[in-house]
């Protein structure tokens, strides 16, 4: 039996803000039936630009329900800028703490909020759009792991599992999680020195564009794929369409295939041109 | 928790110690504390009582007293059986077991698999049944042991242990069965079977925690797990846990008496409970309905999560278990339900009710009174439930699953 605080118990047995906001401004859905918990958050902005109403629907255990309800209470009255800064820690603190094995419930709340804000801004939901999927069982990316490690000062794989579930399934990604933690803590502070190429906003000639695409793939994309046993090959560039082919483990891995296109595209858009579209062609 | 009435329907986890058992045990703490191995009469009288308890257990199982070894728990009995089979047949390094075993066997075998032993984990079908032909085919020249549970702790599905024992005997292979859930609920007469070893646990049949039994058929090669003194005829070292052995004997005698009631009155209670629960929309029973323990019902309430259900039940004084991830101590739902291919929509919302002779009609009424409201409340909150409702409305000719 878990040791829940009285506040967790209260928000579990008498949750507030259950349901969906009518005509919501933002909708965030995270988790899945397979994972064992899921949260759908809806919010509506008031005329003052602050969150006027927020409601949740949650499938999950007592701490997932309590965290979701707590989240809706916390964000009401916040501007989106304020809400964006809310972390899983705020949710856990609001509830007087959660058992460590249940911290992932608070992380799910933070992710749903981020997803809802991104939805309001017309962006893709966070976890599917950025980063490389490290834990295939629960679909957790390296960026999520990094963020939760920094926010909550986590140093062990076990803690990462408690907060994100990553590593809690087949356990195959445990070494990769350790590598991420090593990177986060041993080389901290490591501001990622990304100097956007000066040419980015200038119109590029075709030659320049091709060269920049090749460089970006080489520098930003290939190392990440190789770390995962895969590779990428540039097949052709047709106007703004970049045709690539995935090699090795990447090509057969359904979980990463879905996110990979978006990952490559986001990198190319960041470093080359906002108009690029990545298409995968079979080798 | 209201602190008033406790409706205990978690007997596959542990059971109430019978008052008769407690009464039988009490004199052996402060008054008759002699060591059965001692040469004096004070200890010798205790030895006679230990033998009487051994005879009681043998009677329940249809075995001879010499075939009964007292251990500390069911897990020790399982570990002893497996390690003995390997140690007594050093050339044989293969084990056949199933994917749905209790961790006492499953994790032991998984650990052996990392130590150079070869383990075949047999599949089960959607109803949780084994394919006996596949089992026979899995047995090889170097198979040291087949270990298959008699009844599953989560679903109550009963495997044909006696039939499996025959298959193994015909191939000259030892057969061990974890019968922790079956003893006292399934009639058995081991003298008429080919079962080599059988594990049982006291606290599942109204004895206290901390006492188990390993049945070792006469003529079965045996190497002890606990090494040391000569206790238990050299098969389990360590001073006998006398009060608990006495309790085990008393519980075995009671179990023999209650076997019929388990299969009539308790079964009827379980069936009425299950029928009532199935009236809740989108629910299903896990496991073969026919080949099942009389006291167990694993019901899945789709689109809701088990821990939430258990906590609401608990606040009504009702004790049950779940195979959901949040309660399994891991992040994935029960290995038994996954092996059966129970969909995730249902595995996370599975609740196991396991009854005993101490349950009453009023207990069943109480659960049936509260359960529909609990499920409805949680479903109102579940994003998947509203999606499921929409699909249902949008699908012409939709039939309830």
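Read-outs throughout are calculated quantities, based only on the coordinates presented, and are distinct from any laboratory measurement. For clarity, every value in this text was computed on a predicted model and none was experimentally measured. Using ideal geometry, Cβ is built from the backbone for each residue, glycine included, and neighbour counts are taken over all protein chains shown.
Worth a mention:
- GNM flexibility winner over chain B from B:364, B:213, B:105 (Cα, springs under 10 Å): B:364
- Spin-label model distance (nm) - residue B:380 vs residue A:100, 7 Å beyond Cα toward Cβ: 3.7
- The stretch A:5-71 and the stretch B:253-297: distance between their alpha carbon centers, rounded to Å: 38
- Under the shape rule built on the C-alpha gyration tensor, where the axes satisfy a ≥ b ≥ c, the stretch A:6-120 is prolate, since a/c reaches at least 1.5 and a/b is greater than b/c.
- Two-site label geometry, residue A:179 and residue B:39: point separation in nm, points 7 Å out along Cα→Cβ: 6.9
- Here the protein assembly as shown carries DSSP beta bridges of which approximately 70% are antiparallel, counting only pairs with both residues inside.
- This ranking places A:281, B:367, A:174, B:100 by how few other beta-carbon atoms lie within 10 Å of each, fewest first, which gives A:281, A:174, B:367, B:100.
- Fewest-first sequence of B:351, A:160 by Cβ atoms within 10 Å of each Cβ: B:351, A:160
- Among A:169, A:239, A:26: highest mean-square fluctuation, GNM of chain A, C-alpha pairs under 10 Å: A:239
- The fraction of all Cα pairs in the stretch A:133-184 landing in successive 5 Å bins from 0 to the largest distance is 5, 27, 41, 21, 6, 0, given as whole percents.
- Summed over qualifying helices (DSSP H, 4 residues or more, each -39500 (n - 2.57)) and divided by its residue number, the protein assembly as shown shows a 222 nm mean residue ellipticity of -12500 deg cm²/dmol.
- Cα shape, the stretch B:192-350, gyration tensor, a/c 1.5 rule: prolate
- Between the alpha-carbon centres of the stretch B:151-228 and the stretch B:307-359 there is a gap of 26 Å.
- Nearest 10 degrees, 0 to 90: helix B:306-315 Cα axis against chain B principal axis: 80
- Prolate/oblate/rounded label for chain B (Cα gyration tensor, a/c 1.5): oblate
- Percent antiparallel among DSSP beta bridges (both partners in the stretch B:44-196, rounded to 5): 15
- FRET E, pair residue A:136, residue A:214, Förster distance 41 Å, beta-carbon r, rounded to 0.05: 0.90
- Note on residue B:140 and residue B:127: their simple-model spin labels are 3.1 nm apart, each label 7 Å out from Cα toward Cβ.
- Between B:32, B:93, B:338, the Gaussian network model of chain B with springs among Cα atoms under 10 angstrom shows the greatest mean-square fluctuation at B:32.
- With both residues required to sit in chain A, DSSP beta bridges show an antiparallel share near 85%.
- The stretch B:207-250: Rg to Rh, with Rh as the Kirkwood radius over Cα pairs: 0.98
- Helix B:267-277 and the longest principal axis of the Cα set of chain B meet at an angle near 30°.
- Over the Cα atoms of chain A, the radius of gyration divided by the Kirkwood radius equals 1.00; this is the Rg/Rh ratio.
- By the count of other C-beta atoms within 10 Å, a proxy for reagent exposure, A:61, A:137, B:319 are ordered fewest to most as B:319, A:137, A:61.
- Of the Cα atoms belonging to the protein assembly as shown, the radius of gyration and Dmax stand at 29.8, 105 Å.
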